[in-house]
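**Q** One structure is given below, represented as structure tokens, and several questions about it will come after.
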Amino acid sequence: MTSQLITHVKIFDATGRAPFPGEVLIEGRRIRRVAEGAGQIAREEAAAVIDGQGMTLMPGMTEGHCHITFTGIASPAELGELPPEEHTLATMHNAKLLFDHGFTSVYCAASAKPRLDVVIRNEINAGRIPGPRIRAASPEITVTAGLGDERRLHLYRESFALIVDGVDEMRRTCRTCIREGVDNLKINISGDEFVSHCKAEMTVMMDDEIRTAVEVAHDFGKQIACHARAAGSVKRAVRHGVDVIYHCDFADEEALDLLESVKDRIFVGPAVGLLHNTLYEAEAFGMTREVCESMGFYRKMEATKATYREMRNRGIRVVPGGDYGFAWTPQGTNARDLEHFVKLFGYSPMEALLSATKIGGELMALAGELGQIREGYLADLLLVRGNPLQDISILQHQDNLAMIMKDGAAYKLDLRPRAGQIAAE
Ligand SMILES: [Zn+2]
């Protein structure tokens, strides 16, 4: 088993403790020892020594609501038009892009075609292509007239969804996705602003359909996530046992109480990057102030901010990331979410980092093994130029990542000093 020693680093261990000078010994895929100070671990113990030059060593980040199959689209139907061959390659490139930006884990929140996430996950796990740890998702499972149903009576159109009505179809579709290899099912319980007949505050998937999907997922030992903007959709999700509840923008007091009552079991994720960029960076795509106003996006931002400030107060586990891969939310810019947590939701930089690391590991169903720098944990690590606690935005630039390591293997290791870099202490 190969062993590596990383010396001369400030360790952000994602336990909540302030970064401290130290050294980390890695053996095979796992962290073998974490030592405070210098010279605590004998150099002879390691086959290789990496001098971290005073940089920050932190756990790799988790993207909590990832669509590696989204290819810079302006509308869901574009994904349906993309042939599977091109789509597979685009997904492969996106997976690498996320890895290049410090995301060593991604929790997929719907794949645009049933097997895209699955085959890319399998290729990465087999070591044939580079990429993060992936929990592969099903497509968005939706109801007729729900978010993702792009058909018309005179016209058949694919999008990113599988359409089911009633418990029989739901059961069959969920079981089919599981047979094809997904780790997570995804159901769309509410609509969204941009769907003309199925708005964000409408709860359109029925109780028996949700109950069936959850039962199938859990029967097979899988997880289930949902799209739930309306207060009613959040309540149905909690009551039927959905594991990961996305958005929750319009959660009312009762919905928040329900979420809090199961906070040790569930995760939520705002996926606020898309809303942020739609409001402030998408004029070139037709999202003018007037359009955003008429579609209710300003109102939604206010609701989202209030909801997630409350989630934070109640200690509900919130994961960053989500809905990157639209034309105005390019893949690879996902770490902007950490800054949004700080600026929009009142998180401290420490809390935002813990969401992306410690809580990310729990979301990946690897609690106690992933997301912290502790003995026995998987060695998914980043070596960062600078201190993200002082400036969380440094994680948005891949040049600031001197090392990206997954399972103890350094995918990137570039310790050359950058122009203008302050010499390490
Ligand atoms: Zn999404």
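**Q** Report, ordered by chain and residue number, the lysines lying within cross-link reach of Lys10, taken as a straight Cα distance under 21 Å and ignoring same-chain residues fewer than 8 apart.
**A** Those lysines meeting the cut-off are Lys358, Lys406, Lys412.
**Q** Can you give me the accessible area per residue for the stretch 13-135, using a 1.4 Å probe, in Å²?
**A** It amounts to 37 Å² per residue over the stretch 13-135.
**Q** Also: Taking only C-alpha pairs under 8 Å that are 6+ residues apart, what is the relative contact order of the chain in percent?
**A** Working: 1017 pairs, mean separation 82.7, N = 425.
Dividing the mean separation by the residue count of the chain yields 19 percent.
**Q** Ok, one more. Just to verify a number: what accessible area does Val49 come out at with the full protein assembly present, 1.4 Å probe, Å² rounded to tens?
**A** Taking all protein chains as shown, Val49 has close to 80 Å².
**Q** Let me ask something else about it. Which shape class, rounded, prolate or oblate, goes with the stretch 116-263 when its Cα gyration tensor gives a ≥ b ≥ c as root eigenvalues, a/c under 1.5 marks rounded, and past that a/b bigger than b/c marks prolate?
**A** Cα axes put the stretch 116-263 in the oblate bin.
**Q** Now for a different question. What length, rounded to one decimal in nm, is gained on full extension from Arg17 through to Leu155, with 0.36 nm per residue of separation minus their alpha-carbon distance?
**A** Going from the current span to full extension adds 44.0 nm.
**Q** Tell me, what ³J(HN,Hα) does each residue in the stretch 349-358 have, in order and in whole Hz, if you take phi through Karplus 6.51 cos²θ - 1.76 cosθ + 1.60 with θ = phi - 60° and put x for Gly and Pro?
**A** Ordered by residue, 3J(HN,Hα) equals x, 4, 5, 5, 5, 5, 4, 7, 10, 4 Hz.
**Q** Ok, one more. Shape call for the stretch 67-165 from the C-alpha gyration tensor, a ≥ b ≥ c root eigenvalues: rounded (a/c under 1.5), prolate (a/b greater than b/c) or oblate?
**A** Taking the square roots of the gyration eigenvalues as a ≥ b ≥ c, the stretch 67-165 is prolate.
**Q** Explain nothing, just compute: Karplus ³J(HN,Hα) = 6.51 cos²θ - 1.76 cosθ + 1.60, θ = phi - 60°, for every residue of the stretch 378-386 in order, whole Hz, x for Gly and Pro.
**A** Values, residue by residue: 5, 8, 9, 9, 10, 10, 10, 6, x Hz.
**Q** How big is the dipole moment of the stretch 97-179 about its Cα centre under a simple scheme where the beta carbon of each Lys and Arg is +1, that of each Asp and Glu is -1, and everything else is neutral? Debye, nearest 20, please.
**A** Using Cβ point charges on Lys, Arg, Asp and Glu, the stretch 97-179 gives about 280 debye.
**Q** Within the stretch 1-154, what percent of beta bridges assigned by DSSP are antiparallel, to the nearest 5?
**A** Percentage antiparallel, nearest 5: 50.
**Q** Hey, another quick one. Calculate the FRET efficiency for Arg418 and Ala38 from the Cβ-Cβ distance with a Förster distance of 25 Å, rounded to the nearest 0.05.
**A** 0.55
**Q** What whole number of Å gives the distance from the Cα centroid of the stretch 194-254 to the Cα centroid of the stretch 47-125?
**A** Each part reduced to its Cα centre gives a spacing of 25 Å.
**Q** Could you tell me which of rounded, prolate or oblate describes the stretch 35-79, using a ≥ b ≥ c as the square roots of the eigenvalues of the alpha-carbon gyration tensor, with rounded for a/c under 1.5 and, failing that, prolate when a/b is larger than b/c and oblate otherwise?
**A** Here the stretch 35-79 falls in the prolate category.
**Q** In Å³ and rounded to a whole number, note down the convex hull volume per residue for the Cα atoms of the stretch 287-425. The partial results should precede the final answer.
**A** Values: hull volume 21.4 nm³, N = 139.
Output value, Cα hull per residue: 154 Å³.
**Q** Sort Met170, Met287 by heavy-atom solvent-accessible area, probe 1.4 angstrom, most to least. The partial results should precede the final answer.
**A** Values: Met170 0, Met287 35 Å².
Order by accessible area, largest first: Met287, Met170.
**Q** Would you mind pulling out the separation of the Cα centroids of the stretch 134-184 and the stretch 300-335, in Å?
**A** So the two Cα centres are separated by 24 Å.
**Q** Right, something else. How much area per residue is accessible in the stretch 157-303 when the probe is 1.4 Å and only protein heavy atoms are counted (Å²)? Walk me through the numbers on the way to the answer.
**A** Working: 6030 Å² over 147 residues.
Solvent-accessible surface per residue comes out at 41 Å².
**Q** Output the Cα-based Rg and Dmax of the stretch 329-373 in Å, rounding Rg to one decimal and Dmax to a whole number.
**A** 11.5, 32
**Q** Oh, and also: Take the solvent-accessible surface of the protein heavy atoms, probe 1.4 Å, and return the percent of it on the chain that carbon and sulfur atoms account for.
**A** After summing per-atom areas, the C and S share lands at 51 percent.
**Q** Viscosity 0.692 mPa s, temperature 37 °C: give me the Stokes-Einstein translational D for the stretch 106-163 in µm²/s, with Rh taken as the Kirkwood radius over C-alpha pairs.
**A** 261
**Q** Counting C-alpha atoms alone, how compact is the chain: give Rg to one decimal and Dmax as a whole number, in angstrom.
**A** Expressed in Å, the Cα Rg and Dmax of the chain come to 21.3, 73.
**Q** Once amide H atoms are built 1.01 Å from N in the peptide plane, which residues 5 or more positions from Cys66, or in another chain, come under 5 Å H to H?
**A** Long-range HN contacts for Cys66: Tyr107, Cys108, Ala109.
**Q** With the radius of gyration and the Kirkwood radius both derived from the Cα set of the stretch 1-97, what is their ratio Rg to Rh?
**A** 1.22
**Q** Please report the antiparallel percentage of the DSSP beta bridges confined to the chain, to the nearest 5.
**A** 45
**Q** Quick one: what Rg and Dmax do you get for the stretch 288-338 from the alpha carbons, in Å?
**A** Every Cα atom of the stretch 288-338 included, Rg and Dmax give 13.4, 36 Å.
**Q** Using only the Cα atoms of the stretch 189-256, what semi-axes does the equivalent ellipsoid have when each is the square root of 5 times a gyration tensor eigenvalue? Give whole Å, largest first.
**A** After diagonalising the Cα gyration tensor, the semi-axes are 21, 13, 10 Å.
**Q** Order Arg229, Arg172, Arg152 by their accessible area, 1.4 angstrom probe, all chains in place, largest first.
**A** The ordering from most to least exposed comes out as Arg172, Arg152, Arg229.
**Q** Ok, one more. Convert each backbone phi in the stretch 170-177 into a coupling constant with the Karplus relation 6.51 cos²θ - 1.76 cosθ + 1.60 (shift: θ = phi - 60°), then list the ³J(HN,Hα) values in order as whole Hz, x for Gly and Pro.
**A** Calculated HN-Hα couplings, in order: 4, 4, 5, 5, 4, 5, 5, 4 Hz.
**Q** Shifting gears a bit: Which one, Val342, Pro19, Met205, projects farthest toward the positive side of the charge dipole computed for the chain from Cβ point charges (K/R +1, D/E -1)?
**A** Of the listed residues, the answer is Pro19.
**Q** Then there's this: Kindly work out what percent of the DSSP beta bridges joining two residues of the stretch 74-192 are antiparallel, to the nearest 5.
**A** On the way: 1 of 10 bridges.
If I count the DSSP bridges inside the stretch 74-192, around 10 percent turn out antiparallel.
**Q** So who's got an amide H within less than 5 Å of the one on Gln40, skipping anything under 5 residues away but keeping other chains? H placed 1.01 Å off N, in plane.
**A** Amide H to amide H, under 5 Å and 5 or more residues apart or across chains, Gln40 pairs with nothing.
The values are calculated or read from the model by the stated rules, or taken from the named source; none is laboratory data. Because the structure is predicted, anything quoted here is derived from the model rather than measured. Quick reminder, even Gly has a Cβ in these numbers, built from the backbone with ideal geometry, and neighbours come from all protein chains shown. Areas reflect the complete protein model, heavy atoms only, side chains present, ligands, DNA and RNA absent. Shrake-Rupley method; radii C 1.70, N 1.55, O 1.52, S 1.80 Å.
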